[in-house]
1. Rank Ile86, Ile185, Ile197 by mean-square fluctuation in a GNM of the chain with C-alpha springs under 10 angstrom and give only the top-ranked residue.
2. Under the rule that an exposed site lies in a DSSP loop and has at most 15 other Cβ atoms within 10 Å, name the longest stretch of the chain with no chymotrypsin sites (Phe, Trp or Tyr not before Pro) of that kind, not counting the sites themselves.
3. Work out from phi, with θ = phi - 60° and the Karplus expression 6.51 cos²θ - 1.76 cosθ + 1.60, the ³J(HN,Hα) of each residue of the stretch 89-95, listed in order in whole Hz, and give x for Gly and Pro.
4. Given a 10 angstrom Cα cut-off, can you work out which residue in Met200, Met78, Met60 is the most mobile in a GNM of the chain?
5. In the chain, which longest range has no GluC sites (Glu not before Pro) that are both DSSP loop (not H, G, I, E or B) and surrounded by at most 15 other Cβ atoms within 10 Å?
6. What ³J(HN,Hα) values, in whole Hz, does the Karplus curve 6.51 cos²θ - 1.76 cosθ + 1.60 give for the stretch 155-168 when θ = phi - 60°, with x put for Gly and Pro?
7. Of all DSSP beta bridges located in the chain, what percent are antiparallel, nearest 5?
8. When the helix-only estimate is applied to the chain (DSSP H runs of n ≥ 4, each -39,500 (n - 2.57), divided by the residue count), what is the mean residue ellipticity at 222 nm, nearest 500 deg cm²/dmol?
Amino acid sequence: MNDFDESNPGGDAPCFAHELVDGQPVDPQQWRDVNRFRKAERIRLLARRREVPQARLKEMAQQVGAGLDKLISPQEGMVIAGYWPIRGELDLRFWLKTAHEAGAELALPVVVQRNAPVEFHRWAPGAKMNRGIWNIPVPAVAEPLIPDIVLSPLLGVDAQGYRLGNGGGYYDRTLAAADPLPRVIGVGHDFCPIKTIFPMHWDIPMHQVVLGDGSVRDHRP
Ligand SMILES: Nc1nc2c(c(=O)[nH]1)N(C=O)[C@@H](CNc1ccc(C(=O)N[C@@H](CCC(=O)O)C(=O)O)cc1)CN2
Ligand SMILES: Nc1ncnc2c1ncn2[C@@H]1O[C@H](COP(=O)(O)OP(=O)(O)OP(=O)(O)O)[C@@H](O)[C@H]1O
């Protein structure tokens, strides 16, 4: 396109070859490049996870639990969303159980519709579960709750606190629709950090991140 072409003083028609995400234009070529990078990183990090022995996964979960203890004082009236571990994610159900015993209410993410925000449904340790989309276990009784705190499982996290997840955009959509924004605490393995995920306008940085080496990072107030 040449806006200064004298034979075409009005300039070319503006380029509408943009896709809209959340009502905002996204340059398709940039998104293609970023998507390719994220895909490769997901594959690398998932492979890395698969190499971790069970005993080390347990150790890392304990470390994350200790980190969460420094950040959160579970109490009555507090709603904490955890997750049911899949694909080598850290199993923090022991920590959730303690939080529940301290009076906090718990919830798990449920994909109720593809490419839409997730809902958080009430859960307690031992509750009856069903298989949801992608076979992820979800509470058999669907009682939506609004969490104050969301523990968000990471595949990767960048230096600014942006999350690389499974690639469905579920947490991003959920947080974009949430008002007020809950406190989002990313949790993951010690090898999750990457330099940048090349954040796009819909990516929302997490408040804090706790990793399997016991580290706790603050990213936003
Ligand atoms: N434990 C846990 N529960 C969770 C999440 C999570 O990351 N961890 N989610 C956090 O978002 C939601 C589920 N997100 C998911 C996103 C994509 C895929 C998935 O399998 N994607 C396919 C390709 C995409 C497709 O088929 O449409 C794949 O990876 O092969 C699975 C879960 C809700 N529950
Ligand atoms: N707020 C939003 N509204 C509409 N689409 C969105 C929104 N947020 C993300 N998406 C879409 O979701 C897709 C995946 O996004 P992204 O790569 O950030 O996934 P992710 O955060 O790794 O996945 P997940 O949250 O499921 O673990 C992108 O194609 C993006 O366009």
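Taken together, the values in this text are just the output of simple stated rules run on the coordinates, not laboratory data. Since the model is a prediction, treat every value here as computed from it, not as a measurement. Cβ: placed from backbone, ideal geometry, glycine included. Neighbour counts: every protein chain shown.
1. Highest fluctuation of the listed residues: Ile86.
2. 17-201
3. For the stretch 89-95, the Karplus-derived couplings read 5, 5, 8, 9, 5, 5, 6 Hz, x marking Gly and Pro.
4. Its mean-square fluctuation being the largest, the pick is Met200.
5. 77-221
6. Taking θ as phi minus 60°, the curve returns 8, x, 9, 9, 4, 9, x, 7, 9, 9, x, 6, x, x Hz for the stretch 155-168.
7. If I count the DSSP bridges inside the chain, around 50 percent turn out antiparallel.
8. -8500 deg cm²/dmol
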